[in-house]
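Note sheet for the following structure.
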Amino acid sequence: MGWSCTNSLITVVLFWACWPMACAMRGWVDSGNLASLPEESRMEAFVAKYAEEEEHRTGSTGGRASAESLAQLLRDASNGKATVSLQQFEFPRRMPNDSHVNVQLADGSSWSATGFPMLDGGYTDGDGIAGSLGFPGTDCDVALVNYTDTSTPLRNPSWKEAAANRRHKAILAVYKPQNVGGPSGLALVNAQNFPSNVGKPVLLVDGSFLGMLEKEAARGAQVELVVTVTEEEAKAINVQAELLGSDPALAPVLIMTPRSGWWRCATERATGIAAWVEILRSISASQPRRSVYFLATDGHELSHIGGKYWLHSRPGFMENAHLIMHIGANWGSKIWAKAEPVNLLQAGEPELRDRALKALIEVGFNSSQVLLMHGNPVGEASEIAQKTQRFVSLIGLQNPYFHLEGDTANILDVEILKRQLSVFRSLALRAVLDGSKL
């Protein structure tokens with residue numbers, strides 16, 4: 001069959017119909033044009049663009065550029081209804097300097113690797129620490145530990161033991177994937193005590209070295225460990241927006257999510273930010289009775305310094321708010337371990353927890369895919385809970401690249417993300433449109 005004018009016309013029409021969506025997927029469409037795309041495509045486009053940006057570490061050049069583009073996206077998503085601003089504050093930015101380990105092998109040769117220091121741990125001088133490598137609890141100078149939890153180091157038993165043992169002068173920490181065969185690499189660990197420095201020098205190295213280093217630790221190899229940083233004053237940036245409600249007498253709602261991380265953080269951070277923007281878009285299109293504050297915090301990986309700064313600038317806000325909603329890490333990740341939970345649900349009041357759990361099940365998650373946090377909450381929710389019990393927090397649990405450089409857009413499952421968004425959007429709309437208690 002020959003090629004006809006009709007065929008050509010259809011091809012041209014389809015090309016131009018699909019062009020905006022294709023461009024968005026490559027990050028070529030600016031925020032003003034995203035509104036014309038389906039919601040699913042908008043979120044995919046945002047995640048892809050975020051993953052192509054520079055690292056999103058607090059105080060970095062990429063972090064500043066990301067803040068500015070996110071602020072513009074909020075203005076466009078709200079059709080100018082939201083008051084959007086950047087909240088800047090100074091902090092001591094620490095950058096790795098010479099940080100490495102050198103191991104004397106059994107054959108007389110040496111092996112070395114560059115690592116990354118814990119930014120709230122101790123440091124060495126330029127000569128470092130020389131001594132024997134061993135395991136926690138043994139008579140060694142440098143304790144070799146493996147870890148799977150990159151948010152809270154002391155949840156890793158060997159790390160906790162090494163930190164408490166006065167015999168050890170330093171810690172060499174190597175990432176071990178939680179699931180056998182899972183991705184490895186240099187997994188950076190949040191600095192929970194930042195800006196303080198607590199404990200021994202700790203050097204993080206690539207997980208692919210674990211087997212070799214365990215053999216060397218077993219024979220007590222001699223090592224040299226250097227952990228140094230440089231420090232400079234820098235600016236961190238929170239992105240904030242406010243939508244005024246029609247009834248100023250009603251207590252406000254805060255919807256928050258972190259925006260910074262160690263690497264490009266496509267699933268750790270970008271998915272949650274994309275959903276957060278869509279919630280703002282939906283509330284902007286409604287007639288909220290309550291005022292709504294949207295906050296994307298910097299400094300998540302540095303003891304949540306952005307959230308703490310925002311709260312310090314608004315004394316009493318948490319205690320008097322109607323509801324705090326926290327969009328945590330790893331929304332929309334593909335399900336890698338089918339037997340493991342997909343969501344971690346945290347809420348201060350049983351009523352909030354039950355409503356959120358019911359909504360998660362209604363959108364297709366079964367009860368085994370939702371882990372309920374009982375006791376002390378984690379992440380930003382831990383600080384929220386110190387101020388109020390009127391909060392709900394949802395964190396994804398399925399990202400095997402969490403805190404690894406390989407966290408890119410290709411592990412996004414937009415169907416999972418849509419379901420999580422649906423739950424939080426329905427809770428948010430109910431809270432801002434209804435003057436009664438959620």
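Explain nothing, just compute: Karplus ³J(HN,Hα) = 6.51 cos²θ - 1.76 cosθ + 1.60, θ = phi - 60°, for every residue of the stretch 385-400 in order, whole Hz, x for Gly and Pro.
Here the 3J(HN,Hα) series is 5, 6, 9, 7, 9, 8, 9, 9, 9, 10, 10, x, 10, 10, 8, x Hz.
What does the convex hull of the alpha-carbon atoms of the stretch 76-213 project to on average, in nm²?
Taking a quarter of the hull surface, the average projection is 12.1 nm².
I need the shape label for the stretch 379-438. Rule: rounded when a/c is under 1.5, else prolate if a/b > b/c, else oblate, with a, b, c from the alpha carbon gyration tensor.
Verdict is oblate for the stretch 379-438.
For the stretch 224-310, with all protein chains present and a 1.4 Å probe, just round the carbon and sulfur fraction of the accessible area to a whole percent.
With neighbouring chains kept in place, the figure for the stretch 224-310 is 50 percent.
As an exercise, identify the trypsin sites (Lys or Arg not before Pro) in the stretch 285-355 lying in DSSP coil whose Cβ has no more than 15 other Cβ atoms within 10 Å.
334, 338
With N set to the residue count of the stretch 162-218, report its C-alpha Rg divided by 2.2 N^0.38 Å to two decimal places.
1.27
Let me know the shape class of the stretch 300-438, please: from the alpha-carbon gyration tensor, a ≥ b ≥ c as square roots of the eigenvalues, rounded when a/c is under 1.5, otherwise prolate if a/b is greater than b/c, or oblate.
Taking the square roots of the gyration eigenvalues as a ≥ b ≥ c, the stretch 300-438 is oblate.
Tell me, what is the percent relative contact order of the chain, built from C-alpha pairs under 8 Å that lie six or more residues apart?
That works out to 18 percent.
Over the chain, give the accessible area per residue in Å² for a 1.4 Å probe, as an integer.
43
For the stretch 284-370, what is the relative contact order in percent, using Cα pairs closer than 8 Å and at least 6 residues apart in sequence?
16
Quote the convex hull volume per residue of the stretch 63-128, based on C-alpha atoms, as a whole number of Å³.
It is 144 Å³ per residue.
Over the stretch 288-343, what portion of Cα pair distances is larger than 17 Å, expressed as a whole percent?
55
Given 4 °C and 1.567 mPa s, compute D for the stretch 347-397 with the Stokes-Einstein relation, Rh being the Kirkwood radius over Cα pairs; round to the nearest whole µm²/s.
So the translational diffusion coefficient is about 113 µm²/s.
Report, for the chain, the % of DSSP beta bridges that are antiparallel, rounded to 5.
Taking every DSSP beta bridge with both residues in the chain, the antiparallel ones total about 60 percent.
Translational diffusion coefficient, Stokes-Einstein: compute it for the chain using the Kirkwood radius over C-alpha pairs as Rh, at 25 °C and 0.890 mPa s, and state it as an integer in µm² s⁻¹.
Value of D from the Cα-based Kirkwood radius: 106 µm²/s.
In square nanometres and to one decimal, what's the mean projected area of the convex hull around the Cα atoms of the stretch 33-84?
3.9
Could you tell me the center-to-center distance, by alpha carbons, between the stretch 78-93 and the stretch 372-438 in angstrom?
When both Cα centres are located, 21 Å separates them.
Given the DSSP H assignment, sum -39500 (n - 2.57) over each helix run of at least 4 residues in the chain and divide by its residue total; what's the result at 222 nm in deg cm²/dmol, nearest 500?
Here the helix-only value at 222 nm equals -9500 deg cm²/dmol.
Send over the per residue convex hull volume for the stretch 175-297, Cα only, as a whole number of Å³.
175
Computing the accessible area with a 1.4 Å probe over protein heavy atoms, can you report the carbon and sulfur percentage for the stretch 330-438?
51
For the stretch 105-184, state which trypsin sites (Lys or Arg not before Pro) are in a DSSP loop and have at most 15 other beta carbons lying within 10 Å of their beta carbon.
166, 167
With unit charges on the beta carbons (Lys and Arg positive, Asp and Glu negative) and the dipole taken about the Cα centre of the chain, which residue among 261, 165, 297 sits farthest to the positive side?
The residue sitting farthest along the positive end of the dipole is 297.
The values are calculated or read from the model by the stated rules, or taken from the named source; none is laboratory data. Values in this document were obtained by computation on a predicted structure and should not be read as measured data. Reconstructed Cβ throughout: ideal geometry from the backbone, glycine too, with neighbour counts over all protein chains shown. Quick note on the areas: whole protein, heavy atoms, side chains included, nothing else; ligands and nucleic acids left out. Shrake-Rupley method; radii C 1.70, N 1.55, O 1.52, S 1.80 Å.
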